[in-house]
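First up is the structure itself, then whatever we jot down about it.
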């Protein structure tokens with residue numbers, strides 16, 4: 001179903017839930033606000049079964065004149081990783097982080113700081129951490145590709161490395177999501193033509209990823225689909241869909 005507040009007729013995508021599933025942050029590109037640049041908005045609900053969300057609130061650390069997008073929560077919901085081209089960025093977009101002392105509220109976020117070792121001179125976005133100190137992210141740093149590819153790295157380690165099993169030089173691969181056990185990846189890709197959501201698994205963090213498989217569950221929605229997020233219990237899924245007007249909306253589904 002369409003997420004109220006995340007489907008208003010302008011461009012809304014990059015939806016991500018907190019681990020409690022009670023908070024959602026998404027990116028909104030409204031032509032009437034800051035020239036249509038992307039900014040991050042927060043909203044909440046009172047229970048995981050509720051379909052009613054609070055009125056979206058633009059997060060206080062967003063800056064006019066820059067774009068903020070592709071956010072992901074840490075496991076404790078107190079840190080937010082996101083991409084931005086704000087002052088201090090070394091490429092088109094870089095990964096920044098901000099923290100808060102209290103979960104469940106839109107306020108209290110610290111001034112964002114660049115995440116060390118992750119960023120390049122190209123575009124870096126969609127950084128998703130897992131419980132074992134690893135992360136997946138999307139970057140355009142591959143010299144032989146003109147598209148975004150998927151990279152993996154370790155917290156506090158060196159620069160991330162290309163995940164060849166998940167990336168395709170002939171397509172754009174975006175929306176990287178890594179489950180808490182670090183063994184399942186979801187992402188969007190244009191490798192089949194229209195942007196679709198794919199899934200890959202591995203038996204351990206040192207094992208190779210399986211060949212990505214198309215996730216067919218959302219095909220009936222139509223249009224292009226991207227920005228996957230799935231809950232730890234595997235029962236709630238968030239994604240974005242391109243509308244006929246070439247805008248985007250945020251969807252949520254449960255099983």
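The values are calculated or read from the model by the stated rules, or taken from the named source; none is laboratory data. Everything numeric here is computed off the predicted structure, so don't read it as measured data. Reconstructed Cβ throughout: ideal geometry from the backbone, glycine too, with neighbour counts over all protein chains shown.
For the reader, a short list of remarks on this structure follows.
- For first residues located in the range 184-205 and on the phi > 0 side of the Ramachandran plot, partners that are surrounded by fewer than 19 Cβ atoms within 10 Å (Cβ to Cβ) and lie 6+ apart or on another chain with Cβ distances below 6 Å do not occur.
- Any hit, the range 227-237, residues being at positive phi, crowded, with 16+ Cβ neighbours inside 10 Å and out of contact with any helix residue (DSSP H, G or I) (no Cβ under 7 Å at 6 or more places or on another chain): yes
- Applying the condition of being surrounded by fewer than 17 Cβ atoms within 10 Å (Cβ to Cβ) and within 18 Å of residue 174 (Cα to Cα) to the range 200-217 and asking which residue is modelled with the lowest pLDDT yields 216.
- Residue within the range 42-65 that is closer than 20 Å to residue 176 by Cα and in contact (Cβ under 8 Å) with a residue 24 or more places away in the chain present: no
- Scope the range 97-109; condition under 17 Å from residue 57 (Cβ atoms) and assigned to a loop (DSSP other than H, G, I, E, B); matching residues: 100, 102, 103, 104, 105, 106, 107, 108, 109
- The set of residues in the range 125-143 being touching a residue at least 24 places away in the same chain (Cβ under 8 Å) and closer than 16 Å to residue 154 by Cβ consists of 127, 128, 129, 130, 131, 132, 134, 135, 136, 137.
- Test: residue 108 is surrounded by fewer than 19 Cβ atoms within 10 Å (Cβ to Cβ) and modelled with pLDDT of 95 or more: yes
- Every residue from the range 193-210 that is touching a strand residue (DSSP E or B) at 6+ places or on another chain (Cβ under 7 Å) and assigned to a loop (DSSP other than H, G, I, E, B): 195, 205, 209, 210
- The range 62-82: number of residues that are surrounded by 18 or more Cβ atoms within 10 Å (Cβ to Cβ) and assigned to a loop (DSSP other than H, G, I, E, B): 2
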